[in-house]
1. Taking only DSSP H segments of four or more residues, each worth -39500 (n - 2.57), what value at 222 nm results for the chain once the sum is divided by all its residues, to the nearest 500 deg cm²/dmol?
2. Compute the FRET efficiency between residue 78 and residue 220 as 1/(1 + (r/R0)^6), taking r as their Cβ-Cβ distance and R0 = 30 Å, and round to the nearest 0.05.
3. Determine the relative contact order of the stretch 1-81: mean sequence separation of Cα pairs under 8 Å and six or more apart, normalised by residue count, in whole percent.
4. What shape does the stretch 1-100 take by its C-alpha gyration tensor, where a ≥ b ≥ c are the square roots of the eigenvalues and a/c under 1.5 counts as rounded, a/b above b/c as prolate, and the rest as oblate?
5. What percent do you get for the relative contact order of the chain when only Cα pairs under 8 Å and 6+ apart count?
6. Which percentage, to the nearest 5, of the DSSP beta bridges contained in the chain is antiparallel?
7. So if each residue of separation counts as 0.36 nm, and I subtract the Cα-Cα distance between residue 183 and residue 113, what length gain in nm does that give?
8. Whole Å is fine, so just give me how far the alpha carbon centre of the stretch 99-117 lies from that of the stretch 41-81.
Ligand SMILES: Nc1ncnc2c1ncn2[C@@H]1O[C@H](COP(=O)(O)OP(=O)(O)OP(=O)(O)O)[C@@H](O)[C@H]1O
Ligand SMILES: [Mg+2]
């Protein structure tokens, strides 16, 4: 009954570098509904990050249609796309991508500074709430270099969530973390999902893929498998 939040229709992405054409995505049809938790797997170079960056409007496709909440986002100009990205999409990356000369609070606040309708007070409150959600409010004044990898990723999650995005896109969010911190990050994502959040996560790790409810597999830029995660395996995980 729930509507498609993301609908990709015959998406193709070609990269042109010097003489070489790389078909990174080909004939991608994918729908993600509100509240779904989807993992994306496949070998290195198969197009996982490219797929996420197209969904996150960080990169444009060369062919095909993309509807976000029913809105055709391909035909928007780049300023409008940036606005949609800022408001509707939260991103977390393997390398955290925090701004090194901003402290934790400022990093989380940064995307919200583009929301002119928010008062300063509302903005600060959202930052505080997001940091509390990831249990990092006690490190507001720290700089990224003064945090552990797990803490940096939690701040990155707070930054992604502070603006209440419609979807969280995570590209190997545990790739740079030890297993203990990876578990903490995965628990946070599970919690977000349990609260109704929509998540699409790239992961190489089958244990973490099991946290999602559906697994999409890419190979050579194409979706070769798309099925629900086996429930019994989820149940035996811990
Ligand atoms: N900016 C770019 N310019 C040219 N080619 C690119 C660019 N980004 C990606 N590619 C190519 O597109 C293909 C898909 O890359 P992508 O980064 O999406 O793979 P991936 O599945 O995320 O791999 P990994 O698991 O190693 O992160 C690769 O062949 C890659 O070389
Ligand atoms: Mg990648």
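1. Calculated mean residue ellipticity at 222 nm is -9500 deg cm²/dmol.
2. The formula returns an efficiency of 0.55 here.
3. Contact order relative to length: 38 percent.
4. Since a/c stays below 1.5, the shape of the stretch 1-100 is classed as rounded.
5. 27 percent
6. Here the share of antiparallel DSSP bridges comes out near 55 percent.
7. Length difference between fully extended and current span is 22.1 nm.
8. 24 Å
Bear in mind these aren't lab numbers, they're just calculated from the coordinates by the rules spelled out. Keep in mind the model is a prediction, meaning the values are calculated, not measured. Counting neighbours? That spans all protein chains shown, and the Cβs are built from the backbone with ideal geometry, glycine included.
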